[in-house]
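These notes concern the structure reproduced below.
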Amino acid sequence: MNPLIRLDRQFVWHPFTQMRDWLKQKPILIVSGRGATVRDVTGRDYLDANASIWTNLHGHRHPKINAAIQRQLGKIAHSSALGFANEPASVLAGRLVAAANPASKKKPHRLGKVFYSDDGSTALEVALKLAYEFTRRTRGPKSRPQFLSLQGAYHGDTIGAVSLGHIDLFHRAYGGMLFPTSKAMAPYCYRCPFNRAKPERADARHYRKCQWECVGQVEKKFSAQKKRGNPYAAFVFEPLMQGAAGMIPQPAGWLRQVTDIARRHGALLIADEVMTGFGRTGVTGQDKDSAIPKTDPLPVTAPLFATGRAGVTPDFLCVAKGLTGGYLPMAATLTSQKVFDAFLGGYEEFKTFFHGHSFTGNQLGAAAALASLDLLQTKQSVLQRARLQKCLHQELQTLWPLPQVGDIRQVGLVAGIELVKDWRTRAPFELRERAGIRVCEAMARRGVLTRPIGNVIALMPPYCTTPDQLRRMVGALREAVTEALASSGTISGSTSRAKT
Ligand SMILES: *Cc1c(COP(=O)(O)O)cnc(C)c1O
């Protein structure tokens, strides 16, 4: 056995991994990467079809990002933001504010302040604590701020972020450590109890038959909480698509409607753009799902955030994963002057935001983020993303003939493919059947890497992915579904559901 693999097996505990299964297999050990590919210790190349767990934007070993990090390394790698300012973090804050606010000469930026941290979870913790304390300072110290988040929500693995989450499998065990939050119905057209449409071979958002009952449910939540005399302090959501919930997209118009309701009820808006940020939700259209970009004329600039695309300006914008192009762990929570001002006072008033991390405002991360933003904001990158978005849409259509493909959900440059036992019945695989895991294993054997979310296969190509590479990614998925699930009904010995 390779000595590196031996070390991994002896000493490393992997995240979100059943280690007993891990220890039974020979892991893929990555040693290098280039563009949309990564290479393992045996010299085999793989396509990075989930952008290294949703982080990578421009591909691996990008010369511009590498050079920016090396340049910064020639000056200093890290100095503390506790007590000192630094060059790249200051420049980056200005750039993030400019990117996060709709261009307007008259109005001051709504999101004008940047608080740095290290990863998506901490970006959410910061928003949560700021919203909590801001509410107590505006409603009074006796108030008990309550948070509303979405069904299926995942906002990270630290305790505050877990409290906002609603994925039972991850969160149940820690119930005793968490603070209570409320859960609002999230749109999930494919499995929505209010959707009266029979399954079709199309994205369920497009053939759904409903009366926006999901929006009504959110409204009800807000009204009920108001009646209790303690309106929600904040509404937390992933805009346009919920990632770890299973790549669940919101139908066009949903986000505007529910954020309008939240605002009417006086709630702060906390947008978790850890997954959706930095162009991931595409370059064309507004809140329309924009699976098919209008390519004539191609856009020259495009909002980098899903909230921007939907015309929603939140009070908190949380970013991480793609912030540094996926090169280094860094996160930011953007917020408003209004929130900032609530923490101003004489030292002895102790209104300070007592929160921070050792690596807050790290120079290497900020340098990488600046290089990534430079790339994102070139015309060439925008065109490349528009083409990739269109190409992804076309390739995904080749999956519809598979009876185990129930729903294909694309928002810009991210897609979720939901696997079912039979598309006509939407019958789900049981988690213990490991359908998603088996399909991803079969994809890996074909040289394509991604990770499932239960029965949903996520595809999130780096923006540099070529049409040929994209074809190979989707092709591997197509073959893998056939190989792993061909006689879907016979998995784990259950009887066949095939209707023929
Ligand atoms: C990944 C993710 C997080 C957590 O980010 P980490 O960097 O893993 O802590 C939070 N929210 C969303 C939407 C995510 O996708």
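Here, each number is a calculation from the coordinates, and none is a lab measurement. Predicted model, so just to flag it, every value in this text is computed and none were measured. Glycine gets a Cβ as well: all are built from the backbone with ideal geometry, and neighbour counts include every protein chain shown.
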Checklist entry - If you build the Cα gyration tensor of the chain and take the root of 5 times each eigenvalue, what three semi-axes come out, in whole angstrom, biggest first? => result 35, 29, 23
Item to check | Computed label-point distance, nm, for sites ARG44 and THR378 using a 7 Å Cα→Cβ extension | outcome: 3.4
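Kindly provide the trypsin sites (Lys or Arg not before Pro) of the range 126-197 that DSSP labels as loop, not H, G, I, E or B, and whose Cβ sees at most 12 other Cβ atoms within 10 Å. All intermediate terms of the calculation are to be shown ahead of the outcome.
On the way: sites: LYS129, ARG136, ARG137, ARG139, LYS142, ARG172, LYS183, ARG191, ARG196; in loops: LYS142, ARG196.
Those that pass, being in a loop and sparsely packed, are LYS142, ARG196.
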Checklist entry - Exactly which chymotrypsin sites (Phe, Trp or Tyr not before Pro) in the range 306-378 are in a DSSP loop and have at most 11 other Cβ atoms within 10 Å? => result PHE350, PHE354
Checklist entry - Too long at a 21 Å Cα-Cα cut-off: which of LYS113/LYS351; LYS183/LYS220; LYS75/LYS113; LYS142/LYS227? => result LYS75/LYS113
Checklist outcome for this item: Each label sits 7 Å from Cα toward the beta-carbon; between ALA202 and SER90 the label points are separated, in nm, by 5.5
Item to check | Virtual spin-label span in nm between LEU4 and SER104, 7 Å along Cα→Cβ | outcome: 5.0
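In percent, how large is the relative contact order of the range 73-380, given Cα pairs closer than 8 Å and 6 or more residues apart?
Working: 546 pairs, mean separation 82.8, N = 308.
Result for the range 73-380 is 27 percent.
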Item to check | Helix-derived mean residue ellipticity, 222 nm - over the chain, DSSP H n ≥ 4, -39500 (n - 2.57), to 500 | outcome: -10500 deg cm²/dmol
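Please find the FRET efficiency linking LYS226 to PHE179, where r is the Cβ-Cβ separation and R0 is fixed at 25 Å, and quote it to the nearest 0.05.
On the way: r = 21 Å, r/R0 = 0.82.
That pair, LYS226 with PHE179, gives E of 0.75.
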Checklist outcome for this item: Correct response: the longest run of the chain lacking exposed GluC sites (Glu not before Pro), defined by DSSP loop and at most 14 other Cβ within 10 Å, is 201-429
Checklist outcome for this item: The rounded separation in angstrom of the Cα centers of the range 364-418 and the range 1-70 is 21
